Amino acid sequence: MKQLTHPSQLAVWKARILEERPVPKKTVVVSNGTCGQASGSLGIIEALGRELDRRDLRETVGLEITGCHGFCELEPNIVIYPEGIYYGRLKPEDIPMVIEKSILKNKVIDALAYEDPKTGRRYPLQKDIPFYRKQMRLLMEDNLRIDPNRIEDYILAEGYQALSRALFDMTAEEVIREIDSAGLRGRGGAGFPTGKKWQFCRNEIADRRYIICNADEGNPGTYMDRSILGANPHSVIEGMIIGAYAIGAAEGYIYVRMEAPQAVRQITIARDQARKHGLLGKSILGSEFHFDIQIVEGAGAFICGEETSLMASIEGRRAVSRQRPPFPAQSGLWGQPTNINNVETWANVPLIIKRGAEWYSQIGTPKSKGTKIFSLVGKIRHGGQVEVPMGTKLREIIYDIGGGIKDGKKFKAVQTGGPSGGCLPAQLLDLAIDYDNLVQAGSTMGSGGMIVMDETTCMVDLARHYMHFTQEESCGKCVPCRVGTRQMHDILVRITRGEGEEADLARLEELGESITAASLCGLGQSAPNPVLSTIRHFREEYFEHIKHRKCAARVCRQLIALPGQGARPAQRKAKKRQHD
Amino acid sequence: MDDLLREFSREQKDLTQILHKVQAEYGYIPAQAIRRVAEHLNTTENEVYGVLTFYKAYRLQPRGKHLVTVCQGTSCHIRGGAGVFDEMKKELGVEPGETTPDRMFSLETVNCLGCCAIGPTVVVNGTYYSHVSVEDVHSIIAEYRKRK
């Protein structure tokens, strides 16, 4: 199918793809995202190809290469359809046996099937594995079916039908109303109602409006956005076209992090395909609506996740943030009204238009609707991308889906929201996760990072780690953030070296409060959170470092007693600080 | 350089993308390139220099033959990434941002590579190493030393 010039051609195209595509007896799906490749998926693909050629099975067995499925810990893995047999942590030498037994003889190889580490039970089918079964994968399920290099796969998964519906059956106002009544809130972290944001931008009188997809996912330990872009890029593009139609924008930008090369590559391929098929450009699907997307690759500055910095970066300038108001909806890119949403927010849009606000708003809690993808990582047994309805408890995510703590250790804390968020202790495991509950508990949703820690993680060292990060990434424009984070970092370094003083905790709290109150943008305003939340929930541990010069987690090297020696705190520096 | 610049507009919005291209071509941003880019965009060398030093991606010095990147993300950090990083500095004898005197290795850090469930992660010339332990550091580097 070449250019689509009428909405009805989508269905024709889909029918033709179905007709032309061979229907193999079996299909082997290989998860080939960044984690997969780092774990050896390319070797698995090569071994599969070799074995299929050797046995002359190319006609009867399909090989589908997809993006990330979410179960990163067990990469490289494959799923064999139609049965849905799942094999994880594969090695290339397993492949001949897989072909022999599971493809040719329809048998499950027990030794390769997933084993529940708690019960020892084997689960041969992907859908039965607790990690998958207990999720609600509205955005991620298609990752199992879509080769991100092929727009045809997205068309088969009902792709671009929401766009057709929005363009031809709905007015722009109706689209906004639908998104608003669905209750969709921004997935980048702030949780602002998406429909309202769109309406503000639409209300501005201007010749030119822009929309932006913020794919500068910089929070360490958070990677769902690049997985969506790498595995199902068209869902984001479709969401953006619908948004542009609703807002009245003719130009869109995707600002994507350069540290995610796979995401950059896949979104560029998808964008070019959408252009080629008349889904981007002039007269989309034959309508009177024109819209195109530019892709801008970031250059390694965390601050660019902040919207005013991101826009400065697109304009080719130093990415320093600026005062708001005016908000981007009033004066954004090149002074024009601009709407910025995060990758996951855009990916939710086609879903809402396709299945309706009423359906969508039944998922989640009264104030936070839909699902959220979390990057469940750290000292967790089954790390990966986890999609659950809002309102799911931390305990369910960490224990039921994530399989609990690694290596038989004990849960200590979970960090949510990245460098803007905080650490939640065991007492809060039954907290139902939504935007408001997390803020109340002293953390944030952020973009969905969830880093699990056990007793071998030192909370003071962790706070130092985050402060080091924000201090390095501060754009340097405003004093509270530039100087304040440096001061907090220096104090934390002293404490982890056994040079802390009792007054340090009060200093940290006071500094933290001023930085939060006085910083120009979100980076500074939230930078003290990891420190303040660990002081709030793990005050004892700070005391231990300061008073007893001890690090129970045995992380702070200067505080670990060597065999035969007592604890040997580093000598207090001879030169005392001036203001002491 | 002329061919490279021809692909881009003369507006400042293309500056970061031009710099990406220059670095892909030369491995770093040579001083002469700064002048040429400034001329092309009708701006000052100061402006170009200011922008390129703001971002972590751009290098003003050529890098070594092999680029070693150690992830400093939080997940890698709590899984032992700090030890891996220290060991890597010892193994190569340089600090991040530096190149070994024989120009074989450049060491860099990254804040997160987005494969957090399999950390600590080290990348050498685009090849990802997962679950890296302190003991693995030597053998990873030895592999590239052998290649010369």
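Brief remarks follow.
- Residue match in the range A:539-554 (condition: of a type in the set (A, V, I, L, M, F, W, C) and over 18 Å from A:THR456 (Cα atoms)): yes
- Close contacts from the range A:55-66, counting a first residue that is free of Cβ contacts under 8 Å to residues at least 40 places away in the same chain and a second that is of a type in the set (A, V, I, L, M, F, W, C) and crowded, with 18+ Cβ neighbours inside 10 Å, with Cβ to Cβ under 8 Å and a gap of 6+ residues or different chains, come to A:ARG58/A:LEU52; A:LEU63/A:VAL28; A:LEU63/A:VAL30; A:LEU63/A:ILE45; A:LEU63/A:LEU48; A:LEU63/A:LEU52.
- The sole residue among A:TYR123, A:TYR114, A:TYR81, A:TYR132 that is over 26 Å from the mean Cα position of the chain (by Cα) and closer than 30 Å to A:ARG395 by Cβ is A:TYR123.
- Test: A:TYR255 is farther than 24 Å from B:GLY114 by Cβ, in the same structural domain as A:TYR160 (by TED's automatic domain parsing) and aromatic (Phe, Trp, Tyr): no
- A:GLY316 at pLDDT below 95 and at positive phi: no
- For the range A:346-360, the set of residues classified as in contact with a helix residue (DSSP H, G or I) (Cβ under 6 Å, 6 or more places away or on another chain) and either outside the structural domain of A:THR194 (by TED's automatic domain parsing) or open to solvent by less than 30 Å² (accessible area, probe 1.4 Å) (or both) consists of A:TRP346, A:ALA347, A:VAL349, A:PRO350, A:ILE352, A:ILE353, A:ALA357, A:TYR360, listed by residue number.
- Boolean, A:GLU178 is open to solvent by 10 Å² or more (accessible area, probe 1.4 Å), in the same structural domain as A:LEU351 (by TED's automatic domain parsing) and either more than 23 Å from A:LEU10 (Cα to Cα) or acidic (Asp, Glu) (or both): yes
- Options A:LEU48, A:LEU42, A:LEU52, A:LEU74; residue that is more than 14 Å from every other protein chain (Cβ to nearest Cβ) and under 29 Å from A:PRO261 (Cα atoms): A:LEU48
- Residue that is most open to solvent (accessible area, probe 1.4 Å) [pool: residues in the range A:21-42 that are in contact with an Asp or Glu (Cβ under 9 Å, 6 or more places away or on another chain) and part of a helix (DSSP H, G or I)]: A:GLN37
- One residue alone among B:ARG59, B:ARG79 is within 14 Å of chain A (Cβ to nearest Cβ) and within 27 Å of A:ARG317 (Cα to Cα), and that residue is B:ARG59.
- For the range B:1-16, residues that are open to solvent by 40 Å² or more (accessible area, probe 1.4 Å), closer than 16 Å to B:ASN42 by Cα, more than 7 Å from chain A (Cβ to nearest Cβ) and not in a loop (DSSP other than H, G, I, E, B) total 2.
- Which listed residue, of A:ALA215, A:ALA162, A:ALA157, is open to solvent by 10 Å² or more (accessible area, probe 1.4 Å), within 30 Å of A:SER31 (Cα to Cα) and hydrophobic (A, V, I, L, M, F, W, C): A:ALA157
- A single member of A:TYR255, A:TYR223 is in contact with a Leu (Cβ under 8 Å, 6 or more places away or on another chain), open to solvent by less than 20 Å² (accessible area, probe 1.4 Å) and either within 13 Å of chain B (Cβ to nearest Cβ) or free of Cβ contacts under 8 Å to residues at least 60 places away in the same chain (or both), and it is A:TYR255.
- Every condition in (1) of a type in the set (A, V, I, L, M); (2) in the same structural domain as A:ILE352 (by TED's automatic domain parsing); (3) within 17 Å of A:GLN273 (Cα to Cα) holds for A:ALA162 except the one numbered (3).
- Scan of the range B:77-131 for residues that are among the hydrophobic types (A, V, I, L, M, F, W, C) and either assigned to a strand (DSSP E or B) or modelled with pLDDT of 95 or more (or both), ordered by number: B:VAL84, B:PHE85, B:MET88, B:LEU92, B:VAL94, B:MET104, B:PHE105, B:LEU107, B:VAL110, B:VAL122, B:VAL123, B:VAL124
- Only listed residue being touching a Leu at 6+ places or on another chain (Cβ under 9 Å), surrounded by fewer than 19 Cβ atoms within 10 Å (Cβ to Cβ), over 28 Å from A:GLY67 (Cβ atoms) and within 14 Å of chain A (Cβ to nearest Cβ), chosen from B:THR100, B:THR43: B:THR43
- Residue among A:ILE99, A:ILE146, A:ILE80 that alone is touching an Asp or Glu at 6+ places or on another chain (Cβ under 8 Å), more than 30 Å from B:ARG79 (Cα to Cα) and free of Cβ contacts under 8 Å to residues at least 60 places away in the same chain: A:ILE99
- Scoring A:ALA463 on the criteria (1) surrounded by fewer than 23 Cβ atoms within 10 Å (Cβ to Cβ); (2) within 12 Å of chain B (Cβ to nearest Cβ) leaves a single failure, condition (1).
- Flag if A:ALA246 is of a type in the set (Gly, Ala, Ser), under 22 Å from A:THR5 (Cβ atoms), in the same structural domain as A:MET170 (by TED's automatic domain parsing) and part of a helix (DSSP H, G or I): no
- In the set A:ALA166, A:ALA190, A:ALA206, only one residue is among the aliphatic types (A, V, I, L, M), away from chain B (no Cβ under 14 Å) and assigned to a helix (DSSP H, G or I); that residue is A:ALA166.
- The set of residues in the range A:361-418 that are open to solvent by 20 Å² or more (accessible area, probe 1.4 Å), within 14 Å of another protein chain (Cβ to nearest Cβ) and in a loop (DSSP other than H, G, I, E, B) comprises A:LYS379, A:ARG381, A:LYS409.
- Hey, B:GLY64 part of a loop (DSSP other than H, G, I, E, B), surrounded by 15 or more Cβ atoms within 10 Å (Cβ to Cβ) and either free of Cβ contacts under 8 Å to residues at least 40 places away in the same chain or at the interface with another protein chain (Cβ under 9 Å from one of its Cβ atoms) (or both) or not: no
The rows are residues; the columns are (1) outside the structural domain of A:CYS68 (by TED's automatic domain parsing); (2) open to solvent by 10 Å² or more (accessible area, probe 1.4 Å); (3) within 15 Å of the chain's Cα centre (by Cα); (4) under 20 Å from A:ILE352 (Cβ atoms).
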residue	(1), (2), (3), (4)
A:THR194	yes, no, no, yes
A:ASP207	yes, yes, no, no
A:ARG275	yes, yes, no, no
A:GLY278	yes, no, no, no
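- Of the residues in the range A:507-527, not one is among the β-branched types (Val, Ile, Thr) and either within 24 Å of the chain's Cα centre (by Cα) or assigned by TED's automatic domain parsing to the domain that holds A:THR416 (or both).
- Among the conditions (1) more than 14 Å from chain B (Cβ to nearest Cβ); (2) open to solvent by 10 Å² or more (accessible area, probe 1.4 Å); (3) more than 26 Å from the chain's Cα centre (by Cα), A:ILE284 misses just one, which is (2).
The values are calculated or read from the model by the stated rules, or taken from the named source; none is laboratory data. It should be emphasised that the depicted structure is a prediction, and the values quoted were computed from it without experimental measurement. Ideal geometry is used to build each Cβ from the backbone, glycine not excepted, and the neighbour counts take in all protein chains shown. When the accessible area is computed, the model is the full protein with side chains, heavy atoms only, and any ligands, DNA or RNA have been set aside. Shrake-Rupley method; radii C 1.70, N 1.55, O 1.52, S 1.80 Å.
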